[in-house]
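Undergrad: This is the structure I have questions about; it appears just below.
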Protein chains: 2
Amino acid sequence: MLIMLPGPIQLHERVIRAMCRQMIGHRSAEFGEILKFCGEVMKEVFGTRNDVYFITGSGTAGVEAGIASFSGVGKFVTLENGKFGERMGEIAERYAEVERLSFEWGKPVDLEKLKEALERGARAVAFVHNETSTGMLNPAEEIAKIARKYDALTIMDAITSAGGDYVKMDEWGIDVAVVGTQKCLGAPPGLAAVAVSERAWEFYNPKCPLYLDLKAYRKKLPELQTPYTPAVTLFFALEEALKMIKEEGIENRVKRHRKLSKAVRTWAVNAGLSLFPQPDKYSDYSNTVTAINIPGGITEKELRDTVRKEYGIVLSSGQDKVKGKIFRIATMGSIEKFEVMATLTAVEDVLLRKNLIKPALDFARRELQP
Amino acid sequence: MLIMLPGPIQLHERVIRAMCRQMIGHRSAEFGEILKFCGEVMKEVFGTRNDVYFITGSGTAGVEAGIASFSGVGKFVTLENGKFGERMGEIAERYAEVERLSFEWGKPVDLEKLKEALERGARAVAFVHNETSTGMLNPAEEIAKIARKYDALTIMDAITSAGGDYVKMDEWGIDVAVVGTQKCLGAPPGLAAVAVSERAWEFYNPKCPLYLDLKAYRKKLPELQTPYTPAVTLFFALEEALKMIKEEGIENRVKRHRKLSKAVRTWAVNAGLSLFPQPDKYSDYSNTVTAINIPGGITEKELRDTVRKEYGIVLSSGQDKVKGKIFRIATMGSIEKFEVMATLTAVEDVLLRKNLIKPALDFARRELQP
């Protein structure tokens, strides 16, 4: 089976092997060294000099830790143009007054509306950088620029961008950034990393959930420990995955992700399919997951089931509002050229048989030239 | 190295190997089967017909999910005679009014004080079954009986008892029980399982943390899914660990844990050491972790460091209030006779050299006869 999901992703053999070892105590010096190394590489991935905290939990746990821990800031505004933007709104509602700015899924966020919300007194902006549910890259830099003008805190879900596309937390002026390990970092699911600016601590809320209280993680970091028992096995895997990121280099890694996703988009458009997201001059197509509209004449279920049964390749469906309307091909982690070509070959085969598209593999192949 | 910590524990080779496989999608039927199997075995472990929910996070995440999700019940009373009891108090304070009943570490909880708190209007009792920090087994059945008289909700931290000692949630009348995978279940750290009675749902609080909101886990269970991305790798390991529990049988497993811990206690007392906890007629010594006072003439650090360096065996220190005063030997998971004897041999060797104890290995050996 080849997993082409937007997380969890296909694991590299090195990462799988890293987990095949006996447990170590999480208060040991050995674990401390792993935590230290992971923190250092994560700073590079996030483009920050801020400390990075690791929570055992999904990306959602990381986002909630960021929102809850700094919910003392005041009123939030959330930018929602997909499932994960909506989730940020739901989280924020549990801790603070929120103005949830809702946009059509796959359509850009309206930066003017953001300004208006900030004028009305919002003190924090929570948004998704790479919206996995729609394949849209939201304009993090522009959003942060506007937020800074109003001195608002910025909390960014970088769960499916960090490690696969540029994330420049310090340069852009982001206060809190979150990633999950099972996406572009190339590790298994179960850990979230959260980077926090000094400024965010001014808005610390001691009534946040104990397990997601970033102050406890901050207190334990100098001892190279976590406040609660971490998923040690997943740290073994993350350490190896981050070694691979160091070896490849972040610039090269971003280039690879961009090249692979561009090949998928180029194939889709030339085959006669249409991409789901409709970026404007500020936003863009995602470089880690491509969302494609299901053409007439086949159901999403039939397409994905046939590709899985015949080729052993797992594609992603649409979630919630776009269920049955789109399919998604992720290009995350250690995915390479051959896996992308294998996937496009499979999808093309199934759609060609029904005369729903034109052959377009050559277009992808050209994009993937070294 | 041999890990004799009260979690994370030494992993069985089968459990380690179970993780050495490629990722699968967490929305796949294959993952669903694993979740189903784990839920079924966990019901037996908890002694319940209630549904069991799995949270990716530490045991603390599980306890917080239980307290927060049902914090609509009203005032809490917490029983605190060790670190983890205190943690329950800290968690409860973030969600509700709490009367924190504090007892000396290692001393029994006073059931009369519990009654008084219930008389004063507490509507929920949160307590630790097996208090790892002190090696004390609190009287879960007695506590639940009193709570039921006052119609109060019971939330039990069974993190280091379930799978190693008897937990009879339904028989005792416990509403919420929590376990972590890295203790007596014999799996790596990173998952918590929470069993919930029907009655608890009457007190659901929709303002609980989203990531720890058990209602979301309940909603997804019939689809054999979790609401947020689970740590799939850890489920591979847990599935194998639970298969081993099925093969051994829960009765046999509890007997083994009891026998091993009794051997440790018998050795300690006959060697001239003293046990830290002082149970009364309701409470007991823990059957999964033994806490022993450090004798005069050696520091805790010297004892543990020497045992680790010379024998490669990792013992546990005391935490917080008893740091430096006790050492702890855990007998959890797949630990067997030879590992216990190796540990006692090592500790005895180091202490004998300093003339701090009498030889007592034979007493342990006798306890461990088949």
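Each reported figure results from applying straightforward, stated rules to the coordinates on display, with no laboratory input. Small disclaimer: the values here were computed from a predicted structure and weren't measured. In this analysis, Cβ positions are derived from the backbone assuming ideal geometry, glycine residues included, and neighbour counts consider all displayed protein chains.
Undergrad: Apply 1/(1 + (r/R0)^6) to the Cβ-Cβ distance of A:Lys168 and B:Glu40, taking R0 = 41 Å, and write down the FRET efficiency to the nearest 0.05. Walk me through the numbers before you get to the answer.
TA: Numbers: r = 48 Å, r/R0 = 1.16.
Calculated value: 0.30.
Undergrad: Going through the cross-link list A:Lys219/B:Lys43; B:Lys43/B:Lys107; A:Lys83/B:Lys207; A:Lys219/B:Lys281; B:Lys83/B:Lys246; A:Lys75/A:Lys246, which pairs have a Cα-Cα distance over 29 Å in this structure?
TA: From A:Lys219/B:Lys43; B:Lys43/B:Lys107; A:Lys83/B:Lys207; A:Lys219/B:Lys281; B:Lys83/B:Lys246; A:Lys75/A:Lys246, over 29 Å: A:Lys219/B:Lys43; B:Lys43/B:Lys107; A:Lys219/B:Lys281; B:Lys83/B:Lys246; A:Lys75/A:Lys246.
Undergrad: Further, regarding this structure: Using a 10 Å cut-off around each Cβ, can you sort A:Ile159, B:Ile357, A:Ile329 from fewest to most neighbouring Cβ atoms? Intermediate results must be reported in sequence, preceding the final value.
TA: Details: A:Ile159 31, B:Ile357 19, A:Ile329 26.
The fewest-first ordering by Cβ neighbours comes to B:Ile357, A:Ile329, A:Ile159.
Undergrad: Here is a further query. Just to check I understand the Karplus step: with θ = phi - 60° and J = 6.51 cos²θ - 1.76 cosθ + 1.60, what whole-Hz values come out for region B:36-42, glycine and proline as x?
TA: Running phi through 6.51 cos²θ - 1.76 cosθ + 1.60 with θ = phi - 60° gives 5, 4, 4, x, 5, 5, 5 Hz.
Undergrad: Further question: Enter the mean number of other protein chain beta carbons within 10 Å of the beta carbon of each residue in A:177-190, as an integer.
TA: Numbers: counts 0, 0, 0, 2, 2, 6, 1, 0, 0, 0, 2, 9, 11, 11.
Counting other chains' Cβ atoms within 10 Å and averaging over A:177-190 gives 3.
Undergrad: Starting from the alpha-carbon convex hull of region A:250-367, give the projected area averaged over all orientations, in nm².
TA: Its average projected convex-hull area is 7.6 nm².
Undergrad: Moving on to the next point. Counting only other chains, what is the mean number of Cβ atoms within 10 angstrom of the Cβ of each residue in peptide A:97-107?
TA: Across the residues of A:97-107, the mean count of other-chain Cβ atoms within 10 Å is 0.
Undergrad: Kindly provide the trypsin sites (Lys or Arg not before Pro) of region B:79-138 that DSSP labels as loop, not H, G, I, E or B, and whose Cβ sees at most 16 other Cβ atoms within 10 Å. Don't jump to the answer; show the numbers that get you there.
TA: Details: sites: B:Lys83, B:Arg87, B:Arg94, B:Arg100, B:Lys113, B:Lys115, B:Arg120, B:Arg123; in loops: B:Arg94, B:Arg120, B:Arg123.
Loop-located and lightly packed - B:Arg120.
Undergrad: Farthest toward the dipole's positive end in the protein assembly as shown, which of A:Met1, A:Phe127, A:Gly333, given Cβ charges of +1 (Lys, Arg) and -1 (Asp, Glu) about the Cα centre?
TA: A:Met1
Undergrad: Moving on to the next point. Output the Cα-based Rg and Dmax of region B:1-124 in Å, rounding Rg to one decimal and Dmax to a whole number.
TA: Cα-based Rg and Dmax for region B:1-124 come out at 18.9, 55 Å.
Undergrad: Calculate the radius of gyration of the Cα atoms of the protein assembly as shown to one decimal place, then report Dmax, the largest Cα-Cα distance, as a whole number, both in Å.
TA: Over the protein assembly as shown's Cα set, Rg and Dmax evaluate to 26.6, 87 Å.
Undergrad: For a quick protection proxy, order the peptides B:135-148, A:174-187, A:196-209 by their average other-Cβ count within 10 Å, most packed first.
TA: Values: B:135-148: 22.0, A:174-187: 31.4, A:196-209: 17.4.
My ranking of the peptides, most packed first, is A:174-187, B:135-148, A:196-209.
Undergrad: Can you give the charge dipole size of region B:13-248 about its Cα centre, rounded to the nearest 20 debye, using +1 on the beta carbon of Lys and Arg and -1 on the beta carbon of Asp and Glu? Write down the numbers at each step before the final one.
TA: On the way: 30 positive and 35 negative charges, 108 e Å.
Dipole size: approximately 520 debye.
Undergrad: What net charge is computed for the residues neighbouring B:Met4, neighbours being all others with C-beta under 9 Å from the C-beta of B:Met4, Lys and Arg scored +1, Asp and Glu -1?
TA: Local net charge: 0.
Undergrad: What FRET efficiency comes out for the pair A:Met1/A:Lys281, r = Cβ-Cβ distance, R0 = 41 Å, nearest 0.05?
TA: So the FRET efficiency works out to roughly 0.55.
Undergrad: With +1 on the Cβ of every Lys and Arg and -1 on the Cβ of every Asp and Glu, and nothing else charged, how large is the dipole of region B:121-161 about its Cα centre, in debye rounded to the nearest 20? Each step should come with its number before you reach the end.
TA: Working: 4 positive and 5 negative charges, 39 e Å.
Taking the Cα centre of region B:121-161 as origin, the dipole is about 180 debye.
Undergrad: How would you rank A:Thr233, A:Thr306, going from fewest to most other Cβ atoms within 10 Å of each one's own Cβ?
TA: Exposure proxy ranking, most exposed first: A:Thr306, A:Thr233.
Undergrad: Next up: GNM on chain B, C-alpha springs below 10 Å: top fluctuator among B:Ala126, B:Ala162, B:Ala346?
TA: Most flexible of the set in this elastic network: B:Ala346.
Undergrad: Per DSSP H run of at least 4 residues, take -39500 (n - 2.57); add these up for the protein assembly as shown, divide by its residues and hand me the 222 nm value, nearest 500 deg cm²/dmol.
TA: Details: 26 runs with 292 residues, N = 740.
Calculated from helices alone, the mean residue ellipticity at 222 nm is -12000 deg cm²/dmol.
Undergrad: Let me ask you something else. With each pseudo-label sitting 7 Å past Cα toward Cβ, what's the A:Glu119-B:Lys301 distance in nm, one decimal?
TA: So the label points at A:Glu119 and B:Lys301 sit 6.2 nm apart.
Undergrad: Over the C-alpha atoms of region B:13-248, what are the Rg and the largest Cα-to-Cα span, Dmax, in Å?
TA: That works out to 17.1, 55 Å for Rg and Dmax.
Undergrad: A further question follows. Got a sec? Charge dipole of the protein assembly as shown, +1 on Cβ for Lys and Arg, -1 for Asp and Glu; which of B:Ile146, B:Gly62, B:Gly32 is way out at the positive end?
TA: Looking along the dipole axis, the top candidate is B:Gly32.
Undergrad: Also, quick follow-up: Averaged over its residues, how many other protein chain Cβ atoms are within 10 Å of peptide A:123-134's Cβ atoms?
TA: 0
Undergrad: Spin-label point model (7 Å from Cα, Cβ direction): what's the A:Arg21 to B:Lys255 distance in nm?
TA: 3.8 nm
Undergrad: Calculate the dipole size of the protein assembly as shown relative to its Cα centre from +1 charges on Lys and Arg beta carbons and -1 charges on Asp and Glu beta carbons; express the result in debye to the nearest 20.
TA: That gives a dipole near 780 debye.
Undergrad: Can you work out ³J(HN,Hα) from phi for every residue in region B:219-228, in order, using Karplus 6.51 cos²θ - 1.76 cosθ + 1.60 and θ = phi - 60°, giving whole Hz and x for Gly and Pro?
TA: 5, 7, 4, x, 8, 6, 9, 10, x, 10
Undergrad: How much of the DSSP beta bridge set in the protein assembly as shown is antiparallel, as a percent to the nearest 5?
TA: Given both bridge residues lie in the protein assembly as shown, the antiparallel proportion sits at roughly 55 percent.
Undergrad: Work from the charge dipole of region B:296-370 (Cβ charges, +1 for Lys and Arg, -1 for Asp and Glu, about the Cα centre) and give the residue of B:Gly318, B:Leu344, B:Pro359 farthest towards its positive end.
TA: B:Gly318
Undergrad: Say a label goes 7 Å from Cα toward Cβ at A:Lys243 in every copy; what distances in nm does this one have to the rest, shortest first?
TA: 2.8
Undergrad: How far is A:Pro370 from itself in the other copies, in nm, if each label sits 7 Å out from Cα along the Cα-Cβ line, shortest first?
TA: 6.3
Undergrad: If we count other beta carbons within 10 Å of each Cβ, what is the order of B:Asp51, B:Asp157, fewest first?
TA: Least crowded to most crowded, the residues run B:Asp51, B:Asp157.
Undergrad: How high is the relative contact order of chain B? Use alpha-carbon pairs under 8 Å, at least six apart in sequence, and give a whole percent.
TA: 24 percent
Undergrad: Put the label 7 Å from Cα along Cα→Cβ for A:Glu171; what are its distances to the other copies, in nanometres, shortest first?
TA: Ordered by increasing distance: 6.4 nm.
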